[in-house]
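The values are calculated or read from the model by the stated rules, or taken from the named source; none is laboratory data. Since this is a predicted model, take the numbers as computed values, not measurements. Methodologically, a virtual Cβ is constructed for each residue, glycine included, from the backbone with ideal geometry; neighbour enumeration extends over all protein chains shown.
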Amino acid sequence: MKIRQDSNRLEFENGAADSVKNYFGLRDDLPKILTKINKDGHIEAAINRFKGLRILHQDPWECLISYICATYKNVPAIKSMVENLSRRFGDKIAVEGYTFHTFPTPGRLAQATTQELAGSGLGYRTRYVAETARIVKRTGFDFERLKHATYEEAKKELLAFPGVGFKVADCVMLFSLDRLDAFPVDVWMKRVVLKYYARHFPNWFLQKISAHESPSNSEYRKMNQFGREYFGEYAGYAQEYLYHYERTCAKSKCR
DNA sequence: TAACCACCTTTCTT
DNA sequence: AAAGAAAGGTGGT
């Protein structure tokens, strides 16, 4: 399957398979979603600037490991780690003369030595990835089952993996378990809260989260709850538009 | 419960 | 070019 982006639309060679449409979130009813999350001028600006942005429906296992690796790292570094893992432990595949590597299975990562994993640049995340891989392998963990669990139950089960806190759990649910109501809160969303949604929080709270970089668990819960209640069943989409808007337009003029 | 803070490494910024 | 800051947080105390 070959896909080409031509300016603002995708072209699929020989039409798109269902799995491809699903991966790019093309089955999500974007007009409906954007209407529902468009609650104020701030999110509206983000929507107007990036209309068409969709949430990928990724593989849960790959998503889980990727976000365990993501803590305290910037995006290029995360990309590098995932590529290292794929190149060193995944299967080599050839497509029309180009070489790619699949993301390694739980079994393959479970049998990798600590040294081998650390060699991929994981740092202190090495033991989280190793232990999570072993648990998934040993228990035959069924990620698909979590798609049909309640929000609280799915989150609770994800939190049981080492290296998984609130933020990683919400990301895995949003990006791979079809939980579009999940609302991950990272440093960028904290900035969004302070900048655009301060009036929804008491002053003492705003001062508290300003005092340090990453939010505590109780602070996370408050911002997470606000996002889910304020934006509703597609809060995750609101998060994605605000996140991308803030990262892209905060410094530069974005025009 | 709440507040600190160490943590591996890569990439960005000055 | 080199050095310091920041990076899609988590877990332990």
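Among the residues of the stretch A:194-252, which ones are within 12 Å of DNA strand C (Cβ to nearest atom), among the acidic types (Asp, Glu) and touching a residue at least 40 places away in the same chain (Cβ under 8 Å)?
Listed by number, the residues that qualify are A:GLU240, A:GLU246.
Say whether the condition of being within 16 Å of DNA strand B (Cβ to nearest atom), in a loop (DSSP other than H, G, I, E, B) and under 16 Å from the mean Cα position of the chain (by Cα) is met by at least one residue in the stretch A:231-251.
no
Checking the conditions here, which among A:LYS155, A:LYS167 is modelled with pLDDT of 95 or more, surrounded by 14 or more Cβ atoms within 10 Å (Cβ to Cβ), closer than 15 Å to A:ALA235 by Cα and basic (Lys, Arg)? Can you show your working first?
Details: A:LYS155 fails: closer than 15 Å to A:ALA235 by Cα.
Answer to the check: A:LYS167.
Can you tell me which residues in the stretch A:186-218 are in a helix (DSSP H, G or I) and buried (at least 18 other Cβ atoms within 10 Å of the Cβ)?
Filtering the stretch A:186-218 down to residues in a helix (DSSP H, G or I) leaves A:187-196, A:198-200, A:203-210, A:217-218.
Residues satisfying the conditions are A:MET189, A:LYS190, A:VAL192, A:VAL193, A:TYR196, A:ILE209.
Could you check the stretch A:166-186 and list, in sequence order, the residues that are more than 16 Å from DNA strand B (Cβ to nearest atom), of a type in the set (A, V, I, L, M) and farther than 16 Å from A:LYS156 by Cα? Step through it out loud before you land on a result.
Of the residues in the stretch A:166-186, the ones more than 16 Å from DNA strand B (Cβ to nearest atom) are A:169-184.
If we keep only those that are of a type in the set (A, V, I, L, M) too, we end up with A:169, A:172-174, A:177, A:180, A:182.
Matches in the stretch A:166-186: A:LEU180 only.
Considering only the stretch A:1-33, how many residues are touching a residue at least 24 places away in the same chain (Cβ under 8 Å), touching a Lys or Arg at 6+ places or on another chain (Cβ under 7 Å) and assigned to a helix (DSSP H, G or I)?
Of the residues in that region, 1 qualify.
I'm trying to understand the selection: among the residues of the stretch A:73-127, which are of a type in the set (Lys, Arg) and touching a Ser or Thr at 6+ places or on another chain (Cβ under 8 Å)? Spell out the reasoning first.
Narrowing the stretch A:73-127 to residues of a type in the set (Lys, Arg): A:73, A:79, A:87-88, A:92, A:108, A:125, A:127.
Of everything in the stretch A:73-127, those that are of a type in the set (Lys, Arg) and touching a Ser or Thr at 6+ places or on another chain (Cβ under 8 Å) turn out to be A:ARG88, A:LYS92, A:ARG125, A:ARG127.
Restricting attention to the stretch A:92-106, and to residues there that are loosely packed, with under 10 Cβ neighbours inside 10 Å and at negative phi, which single residue is modelled with the lowest pLDDT?
Here is the first cut: in the stretch A:92-106, the ones loosely packed, with under 10 Cβ neighbours inside 10 Å are A:94-99.
Retained after the next criterion (residues that are at negative phi): A:94-95, A:98-99.
Values: A:ALA94: 92, A:VAL95: 87, A:TYR98: 90, A:THR99: 91.
By that ranking, first place goes to A:VAL95.
Restricting to helices (runs of 4 or more DSSP H) lying wholly in the stretch A:63-169: which have 1 or more residues that are within 16 Å of DNA strand C (Cβ to nearest atom) and in contact (Cβ under 8 Å) with a residue 24 or more places away in the chain? First the steps, then the outcome.
On the way: elements: A:75-89, A:106-110, A:114-118, A:126-139, A:143-146, A:151-159.
Result: A:75-89, A:126-139, A:151-159.
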